[in-house]
1. What are the residues in the stretch 1-27 that are open to solvent by 50 Å² or more (accessible area, probe 1.4 Å) and in contact with a Phe, Trp or Tyr (Cβ under 6 Å, 6 or more places away or on another chain), if any?
2. Taking THR43, is it over 12 Å from TYR11 (Cβ atoms), of a type in the set (Ser, Thr, Tyr) and surrounded by 14 or more Cβ atoms within 10 Å (Cβ to Cβ)?
3. Given the criterion in a strand (DSSP E or B), more than 18 Å from ASP16 (Cβ to Cβ) and among the β-branched types (Val, Ile, Thr), identify the matching residue among THR95, THR43, THR81, THR111.
4. Out of everything in the stretch 1-19 that is assigned to a helix (DSSP H, G or I) and among the acidic types (Asp, Glu), what residue ends up being farthest from GLY79 (Cα to Cα)?
5. Output the residue which, of all residues in the stretch 74-87 that are in contact with a Lys or Arg (Cβ under 9 Å, 6 or more places away or on another chain) and of a type outside the set (A, V, I, L, M), is nearest to GLY24 (Cα to Cα).
6. Can you spot a residue in the stretch 86-94 that is at pLDDT below 95 and either among the hydroxyl-bearing types (Ser, Thr, Tyr) or under 21 Å from ARG52 (Cα atoms) (or both)?
7. Got a number for residues in the stretch 28-40 being open to solvent by less than 30 Å² (accessible area, probe 1.4 Å) and either part of a strand (DSSP E or B) or out of contact with any strand residue (DSSP E or B) (no Cβ under 8 Å at 6 or more places or on another chain) (or both)?
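The values are calculated or read from the model by the stated rules, or taken from the named source; none is laboratory data. All figures in this text were calculated on a predicted structure; none of them were measured in a lab. Heads up, the Cβs are rebuilt from the backbone with ideal geometry, glycines too, and the neighbour counts pull from every protein chain shown. In case anyone asks, the SASA skips ligands and DNA or RNA and just uses the protein heavy atoms, side chains included. Shrake-Rupley method; radii C 1.70, N 1.55, O 1.52, S 1.80 Å.
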Amino acid sequence: MFTGITHSQIYVLDQDEALAFYVGKLGLEVHSDVDFGAMRWLTVNVPGHPDRQILLEAPGGPAMSEETARQVRELVTKGATGGSLIFSTDDCRATYESLRSRGVEFTEEPTERPYGIDAALRDPFGNSIRFTQLKG
């Protein structure tokens, strides 16, 4: 049946700001940036892994009415859309220091867990992001 996941989606309020954050600060790379007129298809991926993309979607048409888009934007602002990303890293503490030096603000510093070490932050729109160094 299924052989993999190619795309995941999170809502962002401003795709240019999202691009600056996900590419400029987190170090992801742009996979697709296409203007379809009614919408912009903007995807990023971990460098060297184009087989798994994140769609940075602005709430709006053609997928939803303006009324629904307004409600979704309000939920995004509150961090209540359930948007969440979890990245893997070989060295959680080094990744934390590198991102912190780029001005990324964290909600949780690297912490030992039963499964490894992880840290947490939010993107400029309230989406939860974690990165984990799994136990070997």
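1. Result: LEU13, single match.
2. Numbers: over 12 Å from TYR11 (Cβ atoms): yes; of a type in the set (Ser, Thr, Tyr): yes; surrounded by 14 or more Cβ atoms within 10 Å (Cβ to Cβ): yes.
When the stated conditions are applied, THR43 passes them.
3. Numbers: THR95 fails: in a strand (DSSP E or B); THR43 fails: more than 18 Å from ASP16 (Cβ to Cβ); THR81 fails: in a strand (DSSP E or B).
Going through THR95, THR43, THR81, THR111 in turn, the sole match is THR111.
4. Top of the filtered list is ASP16.
5. As a first pass, look at the stretch 74-87 and keep what is in contact with a Lys or Arg (Cβ under 9 Å, 6 or more places away or on another chain): 79, 84-87.
So of that shortlist, the ones also of a type outside the set (A, V, I, L, M) come out as 79, 84, 87.
Details: GLY79: 22, SER84: 19, PHE87: 16 Å.
Only one residue fits best here, namely PHE87.
6. First, the residues of the stretch 86-94 that are at pLDDT below 95: none.
No: the stretch 86-94 contains no residue that is at pLDDT below 95 and either among the hydroxyl-bearing types (Ser, Thr, Tyr) or under 21 Å from ARG52 (Cα atoms) (or both).
7. Taking the stretch 28-40 as the starting set, the residues that turn out to be open to solvent by less than 30 Å² (accessible area, probe 1.4 Å) are 28, 32.
Adding the requirement that they be either part of a strand (DSSP E or B) or out of contact with any strand residue (DSSP E or B) (no Cβ under 8 Å at 6 or more places or on another chain) (or both) leaves 32.
Count: 1.
One line per residue, one yes/no per condition, for (1) open to solvent by less than 60 Å² (accessible area, probe 1.4 Å); (2) within 26 Å of VAL76 (Cα to Cα); (3) out of contact with any Lys or Arg (no Cβ under 6 Å at 6 or more places or on another chain):
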residue	(1), (2), (3)
THR89	yes, no, yes
LEU99	yes, yes, yes
GLU109	no, yes, yes
PRO114	no, no, yes
ALA119	yes, yes, yes
ASP123	yes, yes, yes
GLY126	yes, yes, yes
ILE129	yes, yes, yes
THR132	yes, yes, yes
